[in-house]
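Novice: Can you read through this structure? Questions will come right after.
Read-outs: derived from the displayed coordinates by stated rules, not from any lab. Every value quoted in this text rests on a predicted model; they were computed, and no experiment measured them. As a convention, Cβ positions derive from the backbone with ideal geometry for all residues, glycine included, and neighbour counts pool all protein chains shown.
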Amino acid sequence: MLDQGGKQMEHPLAKYLRPGTVPSTFCPGCGCGMVLNALLRAVDHLKLDPVDMVMVTGIGCSSWIPSPMFRCDTLHTTHGRAVAFATGVKLMMPGKRVLIVAGDGDLSGIGGNHLIHAAHRNIDIGVMMVNNRIYGMTGGQCSPTTPMDMFSTTTPYGNLDPPMTVSELLASAGANYVARWTTYHVRQLSRSMEELMEGEGFRFLEIISQCPTHFGKDARRSPVEVLDQYRDESVPFSETKEAYDGSLGAKLPVGVLADRKRHGYIRRLEAVEGKIREDAAEAGR
Ligand code: SF4
Ligand code: MG
């Protein structure tokens with residue numbers, strides 16, 4: 001990056017990147033770079049100290065966003081297990097901000113039950129799911145969010161299954177905060193990440209993102225065309241009347257779907273621990 005005098009200057013967000021991670025491993029036009037940018041802007045705007053953060057990832061292209069790129073403590077875990085690891089980290093270090101970035105296949109497919117029950121228990125972690133509607137890094141297999149009839153490497157005759165609508169599922173499971181944006185909505189995305197980083201209980205942000213390498217190979221469109229589509233198909237939750245079914249071409253409701261202020265798991269656990277200590281003191285133990 002050059003200043004007005006043509007001198008090399010450091011990007012203001014570069015201080016958050018681990019040395020040697022740029023250029024990244026992302027394909028040209030991938031949404032993961034845009035998500036990384038929004039994430040670093042949110043951290044910078046809140047003036048968070050990365051030392052107070054732990055980022056947990058699963059396996060997949062989006063898991064490379066914090067690990068290795070973001071300069072904080074990161075835990076790069078096994079496929080589908082990011083929520084389980086993050087839960088353990090939060091229970092042992094409740095003072096840390098514990099956040100996950102992972103993909104649709106990792107979180108809603110392989111790790112689906114961990115995800116639903118973390119929302120149900122309102123565990124105090126923030127989860128950013130980069131939903132490119134395909135298993136990207138492992139070769140373009142159909143994921144739970146792949147639209148019906150879509151061709152992929154594992155559905156050569158088209159996907160038989162309707163897609164999961166993960167935000168709607170987690171809002172009904174009990175998550176305190178649920179929002180959905182696309183990579184077209186970069187400012188809203190960053191603001192939602194701030195809410196996710198600051199909140200209590202289980203917070204979930206679904207980020208509809210482009211995978212120009214694997215998604216829709218049979219009718220490939222440029223990343224710009226995909227962003228145009230995100231812009232044209234998005235509609236605020238408040239203006240939608242019909243339930244979203246995840247299909248391509250349907251209006252995509254975006255914004256904040258749930259924003260509750262219930263106590264998170266850690267606070268409830270601490271209350272029980274306090275009672276146990278009181279009981280033990282009363283019993284003279
Ligand atoms: Fe991005 Fe898809 Fe390439 Fe992975 S395979 S880096 S999701 S474009
Ligand atoms: Mg994916």
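Novice: Tell me the Rg and the Dmax, in Å, that the Cα atoms of segment 106-148 produce.
Specialist: When restricted to Cα atoms, segment 106-148 yields Rg and Dmax of 11.7, 33 Å.
Novice: Send over the per residue convex hull volume for the chain, Cα only, as a whole number of Å³.
Specialist: In the chain, the Cα convex hull volume per residue is 150 Å³.
Novice: With point charges of +1 on the Cβ of Lys and Arg and -1 on the Cβ of Asp and Glu, referenced to the Cα centre of segment 33-109, which listed residue (Ile59, Cys72, Gly33) lies farthest in the positive direction of the dipole?
Specialist: Cys72
Novice: Compute the label zone of Ile276 within segment 76-91: residues whose backbone N is under 20 Å from the point 7 Å along Cα-to-Cβ.
Specialist: 87-91
Novice: What are the radius of gyration and Dmax of segment 162-214, computed over its Cα atoms and given in Å?
Specialist: Expressed in Å, the Cα Rg and Dmax of segment 162-214 come to 12.2, 36.
Novice: Follow-up. Would you list which lysines come within 24 Å of Lys7, measuring only between C-alpha atoms, while excluding same-chain residues fewer than 8 positions from it?
Specialist: Answer for Lys7, where 24 Å is the Cα cut-off: Lys15, listed by chain and number.
Novice: I need the calculated FRET efficiency for the pair Asp49 and Arg262, taking r as the beta carbon distance and R₀ as 35 Å, to the nearest 0.05.
Specialist: 0.80
Novice: Considering only Cα-Cα distances, which of the following residue pairs are longer than 27 Å: Lys47/Lys241; Lys96/Lys261; Lys241/Lys261; Lys217/Lys241; Lys96/Lys251?
Specialist: Lys47/Lys241; Lys217/Lys241; Lys96/Lys251
Novice: Right, something else. Taking a quarter of the surface of the Cα convex hull of segment 173-285, what do you get in nm²?
Specialist: 10.3
Novice: Counting only helical runs of four or more DSSP H residues, what would the 222 nm mean residue ellipticity of the chain come to if each run contributes -39,500 (n - 2.57) and the total is spread over all its residues?
Specialist: Here the helix-only value at 222 nm equals -9500 deg cm²/dmol.
Novice: Report the paramagnetic label zone for Asp218: residues of segment 127-158 whose backbone N is under 14 Å from a point 7 Å from Cα along the Cα-to-Cβ axis.
Specialist: 142, 147-158
Novice: For Cα pairs less than 8 Å apart in space and 6+ apart in sequence, what is the mean separation divided by the residue count of the chain, i.e. the relative contact order in percent?
Specialist: Computed value for the chain: 17 percent relative contact order.
Novice: Moving on. Given the options His114, Pro156, Gly174, identify the residue whose Cα lies farthest towards the positive end of the charge dipole of segment 101-251 (+1 on Cβ of Lys, Arg; -1 on Cβ of Asp, Glu).
Specialist: The residue sitting most towards the positive pole is Pro156.
Novice: Can you tell me the Rg and Dmax of segment 1-136, counting just the alpha carbons, in angstroms?
Specialist: For segment 1-136, the Cα radius of gyration and maximum Cα-Cα distance read 15.6, 55 Å.
Novice: Also: Within the chain, which complete DSSP H helices have Cα atoms spanning at least 20 Å along the helix axis and a mean Kyte-Doolittle hydropathy of 1.0 or higher?
Specialist: Once both thresholds are applied, what remains is 32-46.
Novice: Mind listing P(r) for segment 62-164? All alpha-carbon pairs, 10 Å bins, whole percents.
Specialist: Final binned percentages: 15, 44, 28, 11, 2.
Novice: Here's another thing I want to ask about it. Taking the convex hull of the alpha carbon atoms in segment 184-236, what volume per residue do you get, in Å³?
Specialist: Roughly 102 Å³ of hull volume per residue.
Novice: Quickly rank 120-127, 74-81, 170-177 as a protection proxy: mean count of other C-beta atoms within 10 Å, highest first.
Specialist: Those peptides, ordered most packed to least, come out 120-127, 170-177, 74-81.
Novice: Quick one: Debye curve from the alpha-carbon atoms of segment 110-188 only, equal weights, vacuum; give me log10 I(q)/I(0) at q = 0.12, 0.15, 0.18, 0.21 Å⁻¹ to two decimals.
Specialist: Log10 I(q)/I(0), no solvent term: -0.41, -0.63, -0.85, -1.03.
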